[in-house]
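Have a look at the structure below before the remarks.
The values are calculated or read from the model by the stated rules, or taken from the named source; none is laboratory data. Source: prediction; values computed, not measured. For neighbour counting, all protein chains shown are included, and Cβ atoms are generated from backbone atoms with ideal geometry for every residue, glycine included.
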């Protein structure tokens, strides 16, 4: 028999093929498996928000060969009428003997599927590659559990932790390939968030300059109304959410949000506006405010092997009495990009 | 035919087996090769200072089968009477047709061997894996070319470049395996150098706590005579060189050097005292002085995925107007040690 973890890995790989078109729905993959013949009968994944769930696609592709078989799904089958009917009904109706699930559905409305299947006499195994499935759906989990967008902070420093020389120069610390990698990261997030300091200094476009990629929504943090409206980030290339407290009228493509100092409230409002995932690219001030407010989920930190000695820090104003109280990144992944490094780590794991 | 670069790599690997016993001589490996039969006849390396050179060992192991053959050596064969007679004589006498050399000898006394072989009608090919051979003998090259020890700086910081919390706490930033790696690095250098700030703060032993490894010589930089003689670094476990300006009498195992602010002169004096290679483990002040004085050849920089926000820097007091003027490490190598990283880079390449 093929191990369930190997099959579940295939479900996860399949799920990724949706490439974000599933959002704000989770990534889900499913496989119909014949345990006697030790072979995969069919597979499917959730391709697009509003369209068929992974289980429905896998079962359709099985062409009726489901009775007494096993179905593996990377997320607990749904039990409710949403945009589509409950998958539990279809699984029961299809005569499956066993259902293997990576993780339970954190969405209260849709959950309970495993229980329904068990009550219908189907053997249910939970928790196969649960960690991997939760990583796959980190954005969905954050969204469902906290009603806030998933927030990834991108930083880039020298070996001695500087984001710029004392005179402010920062072009370029990282190499060309590392900067291309930043473009790729941007394309994976629904929105890019930056703050007035960076925008006034660099007048960036915050777009994605890759073929066939649409630029993300821009979220501009400017609580003191400093950025003139003729700056690049306010152009009409993509939706803009401007966080300021100005009473001036704004162009149509710019939505306004006020800020009263409460980041938790701000991110909840952004989620209400449909923002599921955010990549933050800003300077020391805003980075530090978000870290202090405990709003960062993940960090992608680039390091260039330079030494500035003195210069600007990427974060400041935190102060711990004990090393164990400081921020500790988890699940570290490292990628060498020519002479640069990319360190990926989680501040929170969902 | 086996490629010369493959054979030369074998010479380099052989050379490494000396494991430092060759010091202050270079690491050298040699192979006697039969180009017609496409096979290695014999090999040898310079095992120990004062003993036979690599070529002598390889030729001895060939048992007379050298006429018309090729000899590969990772360093130009010597042409002078040192502790042993010139290798060029033996190569000519042995009837070799060809001699393949990775790098020329930077030591004026011993160099000129390639020319002598050519004049004797032997075909000489130079520069095969030269970069690798120079890396292998970086300490020897620095010693011969500058009459100074090779200096490697070891640093360890958080992701935001801090070596300690603001309150000075630094135990421990890196994980256990990374700290074991530091012990291994120490065992590869002839001397450990540290300065009063670190020693007064931590009272370290600066020894190697690994089986079958002798602790390195300790070089203590204390120009203002601050460290009391009962500190751990002054114990009798290893030779101590104390750089201070005190007129007090010192115990026998402690040698004294005075310091007048000139690091170039200091390192030349250390070399005269037989110090070929130094690993520096100190704080921000001394690190920065050595970097400013341009005395660091190589850096091993550990990174722990923590964020302190505020804290002590590993270097400060440098200030550049342009990014291109800042220190740029070359030949970057990265090693992941559980959730820690080790970044190795060269400031100077010899």
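Things worth noting here:
- Residue in region B:14-28 that is without any contact (Cβ under 8 Å) to a residue 40 or more places away in the chain and outside any loop (DSSP other than H, G, I, E, B) present: no
- Number of residues in region B:209-229 that are outside any strand (DSSP E or B), closer than 25 Å to residue B:271 by Cβ and in contact with a strand residue (DSSP E or B) (Cβ under 9 Å, 6 or more places away or on another chain) equals 5.
- Members of region B:207-230 found to be in contact with a helix residue (DSSP H, G or I) (Cβ under 6 Å, 6 or more places away or on another chain) and more than 21 Å from residue B:153 (Cα to Cα), listed by number: B:226, B:227
- Residue selection: residue A:177 satisfies the criterion of being surrounded by fewer than 17 Cβ atoms within 10 Å (Cβ to Cβ), in contact with a strand residue (DSSP E or B) (Cβ under 6 Å, 6 or more places away or on another chain) and within 14 Å of chain B (Cβ to nearest Cβ).
- Residue list for region B:306-341, filter: in contact with a helix residue (DSSP H, G or I) (Cβ under 9 Å, 6 or more places away or on another chain), at positive phi and more than 7 Å from chain A (Cβ to nearest Cβ): B:331, B:338
- Within region A:247-301, the set of residues being at positive phi and either within 14 Å of another protein chain (Cβ to nearest Cβ) or buried (at least 19 other Cβ atoms within 10 Å of the Cβ) (or both) comprises A:294 only.
- Flag for residue A:60 being more than 18 Å from the chain's Cα centre (by Cα), without any contact (Cβ under 8 Å) to a residue 24 or more places away in the chain and exposed (fewer than 13 other Cβ atoms within 10 Å of the Cβ): no
- Scanning region B:59-72 for residues that are under 18 Å from residue B:5 (Cα atoms) and out of contact with any helix residue (DSSP H, G or I) (no Cβ under 7 Å at 6 or more places or on another chain) gives B:69, B:70.
- Put simply, of B:322, B:255 the only residue that is free of Cβ contacts under 8 Å to residues at least 24 places away in the same chain, more than 25 Å from the chain's Cα centre (by Cα) and over 22 Å from residue B:165 (Cα atoms) is B:322.
- Checking A:40, A:100 one by one, the residue that is under 16 Å from residue A:125 (Cα atoms) and at pLDDT 95 or above is A:100 and no other.
- Among all positions in region B:192-200, there is no residue which is farther than 17 Å from residue B:287 by Cα and surrounded by 23 or more Cβ atoms within 10 Å (Cβ to Cβ).
- For region A:107-139, a residue qualifies if it is in a loop (DSSP other than H, G, I, E, B) and free of Cβ contacts under 8 Å to residues at least 60 places away in the same chain, and the qualifying residues are A:107, A:108, A:109, A:110, A:111, A:112, A:120, A:121, A:122, A:127.
- Criterion violated by residue A:346 - all others in (1) at the interface with another protein chain (Cβ under 7 Å from one of its Cβ atoms); (2) touching a residue at least 12 places away in the same chain (Cβ under 8 Å); (3) over 20 Å from residue B:310 (Cα atoms) satisfied: (1)
- Some residue of region B:62-71 being in contact with a strand residue (DSSP E or B) (Cβ under 7 Å, 6 or more places away or on another chain) and assigned to a strand (DSSP E or B): yes
- Looking only at region A:140-173, residues that are away from every other protein chain (no Cβ under 14 Å), assigned to a loop (DSSP other than H, G, I, E, B) and in contact with a strand residue (DSSP E or B) (Cβ under 9 Å, 6 or more places away or on another chain) come to 1 in all.
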